[in-house]
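J.: Sharing a structure here in structure tokens format.
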Amino acid sequence: MSPHIQQTLIDARAALDALIANEATLQSIDAAGTLLADTFKREGRVFSCGNGGSMCDAMHFAEELSGRYRQDRPALGAASISDPSHISCVGNDYGYEHIFSRYLEGHGRSGDVLLGISTSGTSRNVVAAAEMAKKKGMKVIALTGKPGATLGTLADIEICTPGGKFADRSQELHIKVIHILIEAVERQLFPDNYRG
């Protein structure tokens, strides 16, 4: 067996153990889950965005809320900013750094929430989205991988999951956090799904 297989899993476990031991980050995750649930209670909407793997995570987050996570329940108003026609139009006409902020300018409302995902915490288009969200009176949850990054400083709630030298460890923690957030929303809005 190739030695890197086991070492990769050991590294991933170490990153997860570090997250489990970080009480402040766990409290941020809890606060973010409550913010999301309260937003849906008020019939607000939740938008998510990111680049590359983080866009995939943003899409996964939204579809689990608007679709189905573990059990049947009503759909929730979540959408990822990932429409190719919007992205190519705005990227062409205004520049790639505006693809998310322009969407929020048109769709975001006061009381809505943005989940901005960036392992570096410095992605210009995600930072611009957070700035637009604040301008629109929205709350911002930042899911980052490096403490002290620009995106985190703009957020109402930052969830920072450092995973080491490369982005993949942080991304693995991000998907765990995303699943926890979805479960937190369901537990608050649909408690019957978690009884028995």
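J.: Checking Gly196 against (1) more than 19 Å from Ala32 (Cα to Cα); (2) open to solvent by 50 Å² or more (accessible area, probe 1.4 Å); (3) under 15 Å from the mean Cα position of the chain (by Cα), which single condition isn't satisfied?
T.: (3)
Each row is one residue, and each column tells you yes or no for (1) open to solvent by 10 Å² or more (accessible area, probe 1.4 Å); (2) closer than 15 Å to Val177 by Cβ.
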site: Leu36; (1), (2): no, yes
site: Glu43; (1), (2): yes, no
site: Gly52; (1), (2): yes, no
site: Asp57; (1), (2): yes, yes
site: Gly67; (1), (2): yes, no
site: Asn125; (1), (2): no, no
site: Met132; (1), (2): yes, no
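J.: Further question on the same structure: Looking only at residues that are polar (S, T, N, Q) and either part of a loop (DSSP other than H, G, I, E, B) or under 15 Å from the mean Cα position of the chain (by Cα) (or both) in the range 136-186, which one is surrounded by the most Cβ atoms within 10 Å (Cβ to Cβ)? Even if it seems obvious, please write down each step before you answer.
T.: Pass one, the range 136-186, residues polar (S, T, N, Q): 144, 150, 153, 161, 170-171.
Applying the additional criterion that residues be either part of a loop (DSSP other than H, G, I, E, B) or under 15 Å from the mean Cα position of the chain (by Cα) (or both) yields 144, 161, 170-171.
Details: Thr144: 28, Thr161: 25, Ser170: 25, Gln171: 22.
Residue satisfying both the conditions and the ranking: Thr144.
J.: Residue check, Gly163 against (1) touching a Pro at 6+ places or on another chain (Cβ under 7 Å); (2) modelled with pLDDT under 95, all met but one. Which one?
T.: The failed condition is (1).
J.: Here's something else I'd like to know. Any residue at all in the range 66-78 that's under 21 Å from Ile175 (Cα atoms) and part of a helix (DSSP H, G or I)?
T.: yes
J.: Looking only at the range 36-65, count every residue that is within 13 Å of the chain's Cα centre (by Cα), in a helix (DSSP H, G or I) and farther than 20 Å from Ser120 by Cβ and tell me the total.
T.: 5
The values are calculated or read from the model by the stated rules, or taken from the named source; none is laboratory data. Note that the structure is a prediction, hence the values are computed from the model and not measured. Glycine gets a Cβ as well: all are built from the backbone with ideal geometry, and neighbour counts include every protein chain shown. All accessible areas refer to the heavy atoms of the entire protein, side chains included, with ligands and DNA or RNA removed. Shrake-Rupley method; radii C 1.70, N 1.55, O 1.52, S 1.80 Å.
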